[in-house]
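*Asks:* First, the structure itself, so that you have it in front of you.
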Amino acid sequence: MSHENNLHIAVIGSGGAAMAAALKGAERGARVTLVERGTLGGTCVNTGCVPSKILIRAAHIAHLHKESPFDGGISVQRPVIDRAALLVQQQGRVEELRDAKYTRILRDHPAITVLHGEARFIDAHQLAVTLTEGGEQALRFDRAFIGTGARPAEPPVPGLTNTPYLTSSSALTLEVVPERLIVIGAGFVALELAQAFARLGSRVTVLARSRTLSREDPAVGEALEAAFRREGIQVLKEIRASRVDYMDQEFVLETNAGTWRAEQLLVATGRTPNTEALDLESIGVETARGAILVDEHLQTTVPGIYAAGDCTDQPEFVYVAAAGGSRAAVNMTGGEATLDLSAMPSVLFTDPQVGTAGLTEAQALEQGFNVESRVLDLENVPRALVNFDTAGFIKMVAERDSGRLLGVQAVAGEAGELIQTAVMALRARMTVQEIGDELFPYLTMVEGFKLCAQAFTKDVTQLSCCAG
């Protein structure tokens, strides 16, 4: 490890990427000034992962109260939802985590100074910070790190701007569960919130511009649509909204499939990088549609200025942001680190969950691989059978000649837990034969990973219950 004497790093932002960069930079001997224009903690803890997963978990519990595979032997009782009380619990945990993982750490760190204000670049070694409390401060730096994150995008639908529509952030703090909810979008955030509100009592309609989860293997979206149909959630595809109005406490949405009305409208069609206030163009930092372009070392097109997370062209996951931030700090302090995303896990927290890692079959073919794949329905997984919950599948994509695993897509109750095993197998360049020969604990969902691997060479329907 090499340290430069009293190296000063300016970090813009305080979310997953920025915190990782600040802490790693300080650990490696740098002096850090962190600039935050809003609430400490960024999207994940405040308006993203943490509150959304609390909402989703509460909705899951509500769903089990009124419907489960064991209703024949356990009495069903329709739950009464006190959304205001759930919100107090949710925001209490958000505040606890923000205080423990961001505010206190920054306050007590001797090498990190926090400035509350909005930063913009004057040149490649100086920021101007418009302080929240008033006035402006110049900040000179040796290296700079940009971790300003992103915000919900607003699609160009006529009339939308003039309505009080919900974003993924504001939807999480609704105090009342709407009777009817329209969701524009069919990606991760849209689907998670659509199902959560449906389970809390809303009549939900999802409007997809193309298909559900358009970047995933088509079978994934189809399995999720089937799950949504079972729960009474309407999913419409190939829908274009031509106008939105809000009158008499109701949204009126004109589309190519007729007119839709609801008390609330959630727009979840992607995110926009928070980069416009930084004056990046003036110093030569290149962007594409607002997203900062970074190389494999997380450096921008200007030497000494680095970036990671949702404000860049990297995948929008907080663990990617944090990994990028810490590696950028290593590189800013004289080290050599890269971020390898070839085995990146991705999880959708619907029910069933979706977990993916590596390449889809289509991506593998595009990259020139000669592929072989297997799809294992959950009817063949003992854990799913004893749960009386067999909706879903596990798909493995392998290189035909070597048997090397290339990718996994899973739709299952615990796909988020299962998928990390796939990541480790991809990292180790394991073959499906090696995976099939491993010991997996019986009556776990991840055992389906072994069974799917065995399906490349065996008829798994003919195996005994816990066949090795």
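The values are calculated or read from the model by the stated rules, or taken from the named source; none is laboratory data. All of these numbers come straight from a predicted model, not from anything done at the bench. Heads up, the Cβs are rebuilt from the backbone with ideal geometry, glycines too, and the neighbour counts pull from every protein chain shown. Calculation scope for accessible area: heavy atoms of the full protein, side chains included, ligands and nucleic acids excluded. Shrake-Rupley method; radii C 1.70, N 1.55, O 1.52, S 1.80 Å.
*Asks:* Using protein chains only and a probe of 1.4 angstrom, how many square angstrom of Tyr165 are accessible, to the nearest 10?
*Replies:* The accessible area comes out at roughly 40 Å².
*Asks:* Got a sec? What order do Lys450, Lys101, Lys53 fall in by accessible area at 1.4 Å, biggest, i.e. largest, first?
*Replies:* Descending order: Lys101, Lys53, Lys450.
*Asks:* Looking at the chain, what % of the alpha carbon pairs are farther apart than 38 Å?
*Replies:* 32 percent
*Asks:* Using a 1.4 angstrom probe with every protein chain in place, what is the largest-first accessible-area order of Thr259, Thr444?
*Replies:* Order by accessible area, largest first: Thr259, Thr444.
*Asks:* How high is the relative contact order of region 303-365, in percent, with contacts defined as C-alpha pairs under 8 Å that are six or more residues apart? Don't skip to the end; give the middle numbers.
*Replies:* Numbers: 53 pairs, mean separation 12.0, N = 63.
Computed value for region 303-365: 19 percent relative contact order.
*Asks:* Ok, one more. How big is the gap, in Å, between the Cα center of region 413-467 and the Cα center of region 166-203?
*Replies:* With region 413-467 and region 166-203 each reduced to a Cα centre, they are spaced 35 Å.
*Asks:* Round to a whole number: what % of the accessible area of region 195-242 belongs to carbon and sulfur, probe 1.4 Å?
*Replies:* Within region 195-242, the accessible surface is 43 percent carbon and sulfur.
*Asks:* Heads up, I need the accessible area for Cys49: 1.4 angstrom probe, whole protein in place, Å², nearest 10.
*Replies:* 50 Å²
*Asks:* So what's the angle, to the nearest 10 degrees on a 0 to 90 scale, between helix 83-98 and the longest Cα principal axis of the chain?
*Replies:* Helix 83-98 and the main axis of the chain meet at about 50 degrees.
*Asks:* Nearest 500 deg cm²/dmol is fine: what mean residue ellipticity at 222 nm does the chain get from its DSSP H runs of n ≥ 4 alone, each adding -39,500 (n - 2.57), divided by its residue count?
*Replies:* -9000 deg cm²/dmol
*Asks:* Shifting gears a bit: Where Lys and Arg each count +1 and Asp and Glu each count -1, what net charge lies around Ile105 among other residues with Cβ under 11 Å from its Cβ?
*Replies:* Every neighbour counted, the sum reads +2.
*Asks:* Let me ask you something else. For Asn370, what is the net charge nearby, where nearby means another residue's Cβ is under 13 Å from its Cβ and Lys, Arg count +1, Asp, Glu -1?
*Replies:* -3
*Asks:* Could you compute the net charge surrounding Gly355? Neighbours are other residues with a C-beta less than 9 Å from the C-beta of Gly355; K and R count +1, D and E count -1.
*Replies:* So the surrounding residues net to -2.
*Asks:* Rounded to a whole number, what % of the accessible area of region 11-129 do carbon and sulfur atoms account for, probe 1.4 Å? Walk me through the intermediate numbers first.
*Replies:* Details: 3070 of 5800 Å².
The value for region 11-129 is 53 percent carbon and sulfur by accessible area.
*Asks:* Within region 253-292, report the GluC sites (Glu not before Pro) that DSSP leaves as loop and that have at most 14 other Cβ atoms within 10 Å.
*Replies:* Those that pass, being in a loop and sparsely packed, are Glu286.
*Asks:* Order Asp340, Asp401 by their accessible area, 1.4 angstrom probe, all chains in place, largest first.
*Replies:* Asp401, Asp340
*Asks:* Moving on to the next point. Compute the relative contact order of region 339-391 as a whole-number percentage, counting only Cα pairs closer than 8 Å that sit 6 or more residues apart in sequence. Don't skip to the end; give the middle numbers.
*Replies:* Working: 35 pairs, mean separation 10.8, N = 53.
Computed value for region 339-391: 20 percent relative contact order.
*Asks:* Quick one: Karplus J couplings for region 383-397, per residue in order, coefficients 6.51, -1.76, 1.60, θ = phi - 60°, nearest Hz, x for Gly and Pro?
*Replies:* Values per residue, Gly and Pro as x: 4, 5, 5, 6, 7, 6, 9, 10, 6, x, 7, 10, 10, 10, 10 Hz.
*Asks:* Next up: Could you state the accessible area per residue of the chain in Å², with a 1.4 Å probe and every protein chain left in place?
*Replies:* Values: 21610 Å² over 468 residues.
Here the residues of the chain average 46 Å² of exposed surface.
*Asks:* Follow-up question, since we're still on this one. Carbon-plus-sulfur fraction of the accessible area of region 296-418, 1.4 Å probe, in percent? Kindly include the intermediate steps, with their values, before the conclusion.
*Replies:* On the way: 2180 of 4660 Å².
For region 296-418, the apolar C and S fraction of the accessible surface comes to 47 percent.
*Asks:* Here's something else I'd like to know. With the cut-off at 26 Å, tell me which of the pairs Lys237/Lys450; Lys24/Lys101; Lys395/Lys458 have Cα atoms farther apart than that. Walk me through the intermediate numbers first.
*Replies:* Numbers: Lys237/Lys450 35 Å; Lys24/Lys101 15 Å; Lys395/Lys458 15 Å.
Distance filter (> 26 Å) returns Lys237/Lys450.
*Asks:* For region 6-81, just say rounded, prolate or oblate: build the C-alpha gyration tensor, square-root its eigenvalues into a ≥ b ≥ c, call rounded for a/c under 1.5, and beyond that prolate if a/b exceeds b/c, oblate if not.
*Replies:* Here region 6-81 falls in the prolate category.
*Asks:* I would also like to ask the following. Along region 34-45, what does the Karplus equation 6.51 cos²θ - 1.76 cosθ + 1.60 (θ = phi - 60°) give for ³J(HN,Hα), rounded to whole Hz, x for Gly and Pro?
*Replies:* 3J(HN,Hα) across region 34-45, in whole Hz: 9, 10, 10, 8, x, 7, 4, x, x, 5, 4, 6.
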